[in-house]
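Structure, as structure tokens:
The values are calculated or read from the model by the stated rules, or taken from the named source; none is laboratory data. Since we're looking at a predicted model, the values are computed, not measured. Ideal geometry is used to build each Cβ from the backbone, glycine not excepted, and the neighbour counts take in all protein chains shown.
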Amino acid sequence: MHTTIDTDEAPAGPEGWHRAPSGAREMFSARDAEGLVALRRDLHRHPELSWREERTAARLELALAAFGVADVRRVAGTAVVARVGGSTPGAPSVAVRGDIDALPIAEATGLAYASDAPGVMHACGHDVHAAWAVGAALLLRERPAAGDVVIVLQPAEEVGEGARAVLESGALDGVRAIFGAHVDRRFEVGQVVAEAGPLAASTDTFEVELVGAGAHGARPHESSDPVVGAAALVGALQTVVARRLDPALPGVVTVGTLHAGSAANVIPERAVLTGTVRATTPGARALLLGEIRRIAEALGPAYGLTARVTITEGTPPVVNASEPAAWARLAVARVLGPGAAVPLGTTNMGGEDFAFYLERIPGCFLRVGAREPGGEPVAAHSPRFYAAEESLFVGAAVLAEAARAASEAISSQATTTRRGVS
Ligand SMILES: [Zn+2]
Ligand SMILES: [Zn+2]
């Protein structure tokens, strides 16, 4: 765990820069900072795909133990859950979540600690998120929150399944607030987004199967041609966002695949389209999915076809509640000073399975700046994506402080209520 790495002398890879004037590194002892850097680099070098995070989970358990966090257990296969005791017996508990899985992408960062696993890469920064949660546990052990803090190291975020599995395990039962964050190279290290409202989109998929009657390509009058119906449907689906969704709300309907036919002179019997749907509020999500179904089921018969529509629900939109967002902003100010909290700007239309927690537990998902000064704003899921090392300390410190702020506020609300009643 505490392998000594002099971060100023270590090979820098494309980062070429390690220190930012964030001040967050100084919240850790030199030894712990080195330990966290070593942990992150080790996770980055050994990425594992969703639900296969065996080595990762074992490594995280070791890291927690090395940092003195004793109450650690496994749930849902490869999820690691730790409980860091609070200072006030009976105070409500809150949670900090970091996700741990990697992506099937061949790394092209040139980092000194680049992936050793062919075709697998931490291209979404979950190596850093996992280290954040461990770093937050360390800080909360040193200076506890009022109540216990449950540290969740969650697998399988990239397939949208891990958060649900953790919730079903009961590991978060009774938790009153939850915080998580994502690295983001649109923002410099030291900048953090902690806002109420929509932060990421829902990610549902649809499939439409159009079934007609095949025929010789030269005898179209003997067919009900699903290719013509599919072409019309692709066009008609463009009206969902353009004509049905409130233009003040972002939304996406993308047809990503369209399969039909096997020969140039044969009209096939069926065509299948699949696509993805993104929305940032539960209402917009329901509207888009309902309109896709309505249009497909109406257009099919208009072309003499049967339309079978299958909607597969993915992650809900990430919508931050206002109180937890205020606690997170307070944490950003305490750790990084005034001015560190920056506006999100454009809503991210990607998805994030943290949304499942937010359906059950009030919370806030943050974006933590991960671009070194002068660096490129590379998007996550790119083979060139990495988070600047200094973001490691910012995320850990902000998440720990958000847990403290939430715990403090919820405890004092409980006290006030009890006094009010008596
Ligand atoms: Zn991702
Ligand atoms: Zn991610």
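Some values worked out for this structure:
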{"read-out": "Filtered residues of segment 154-177 (kept if away from ligand 1 (no atom under 16 Å from the Cβ) and surrounded by 24 or more Cβ atoms within 10 Å (Cβ to Cβ))", "value": "VAL166, ALA177"}
{"read-out": "Near pairs, Cβ below 6 angstrom, 6+ apart or cross-chain, from segment 297-325 (under 30 Å from GLU222 (Cβ atoms)) to any residue that is among the small types (Gly, Ala, Ser) and part of a helix (DSSP H, G or I)", "value": "LEU299/ALA236; TYR303/GLY229; LEU305/GLY229; THR306/GLY300; ALA307/ALA296; ALA307/GLY300; VAL309/ALA296"}
{"read-out": "Subset of segment 224-252 (residues that are surrounded by fewer than 16 Cβ atoms within 10 Å (Cβ to Cβ) and of a type in the set (Val, Ile, Thr))", "value": "VAL234, THR239"}
{"read-out": "Any hit, segment 292-302, residues being under 21 Å from the mean Cα position of the chain (by Cα) and either part of a helix (DSSP H, G or I) or farther than 29 Å from LEU358 by Cα (or both)", "value": "no"}
{"read-out": "Number of positions in segment 347-376 that are within 16 Å of ligand 1 (Cβ to nearest atom), assigned to a strand (DSSP E or B) and in contact with a helix residue (DSSP H, G or I) (Cβ under 9 Å, 6 or more places away or on another chain)", "value": "4"}
{"read-out": "Residue in segment 107-134 that is farthest from ALA38 (Cα to Cα), counting only those that are more than 16 Å from ligand 1 (Cβ to nearest atom) and in contact with a strand residue (DSSP E or B) (Cβ under 9 Å, 6 or more places away or on another chain)", "value": "ALA108"}
{"read-out": "Subset of segment 320-340 [crowded, with 19+ Cβ neighbours inside 10 Å and either among the hydrophobic types (A, V, I, L, M, F, W, C) or assigned to a helix (DSSP H, G or I) (or both)]", "value": "PRO324, ALA325, TRP327, ALA328, ARG329, LEU330, ALA331, VAL332, VAL335, LEU336, ALA340"}
{"read-out": "Those residues of segment 48-99 which are surrounded by fewer than 16 Cβ atoms within 10 Å (Cβ to Cβ) and among the hydrophobic types (A, V, I, L, M, F, W, C), in sequence order", "value": "ALA58, LEU62, ALA65, ALA66, ALA70"}
{"read-out": "Which listed residue, of ARG308, ARG367, is within 16 Å of ligand 2 (Cβ to nearest atom), at pLDDT 95 or above and among the basic types (Lys, Arg)", "value": "ARG367"}
{"read-out": "Filter result (more than 13 Å from ligand 2 (Cβ to nearest atom) and either assigned to a strand (DSSP E or B) or surrounded by fewer than 21 Cβ atoms within 10 Å (Cβ to Cβ) (or both)) within segment 377-394", "value": "PRO377, VAL378, PRO383, ARG384"}
{"read-out": "Residue under evaluation LEU199, criteria (1) in contact with a Gly (Cβ under 6 Å, 6 or more places away or on another chain); (2) hydrophobic (A, V, I, L, M, F, W, C); (3) within 16 Å of ligand 1 (Cβ to nearest atom), criterion not met", "value": "(1)"}
{"read-out": "So ALA380, is it at pLDDT 95 or above, touching a helix residue (DSSP H, G or I) at 6+ places or on another chain (Cβ under 7 Å) and within 13 Å of ligand 1 (Cβ to nearest atom)", "value": "no"}
{"read-out": "Which numbered condition VAL94 fails, given (1) within 16 Å of ligand 1 (Cβ to nearest atom); (2) over 14 Å from the mean Cα position of the chain (by Cα); (3) not charged (D, E, K, R)", "value": "(1)"}
{"read-out": "Lone unmet requirement of (1) farther than 26 Å from GLY135 by Cβ; (2) in contact with a strand residue (DSSP E or B) (Cβ under 6 Å, 6 or more places away or on another chain); (3) of a type in the set (Asp, Glu) for GLU168", "value": "(2)"}
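Yes or no, residue by residue, for (1) aliphatic (A, V, I, L, M); (2) closer than 15 Å to HIS44 by Cα:
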| position | (1), (2) |
| --- | --- |
| GLY98 | no, yes |
| GLU107 | no, yes |
| TYR113 | no, yes |
| ALA123 | yes, yes |
| GLY135 | no, no |
| ARG143 | no, no |
| GLY147 | no, no |
| ALA156 | yes, no |
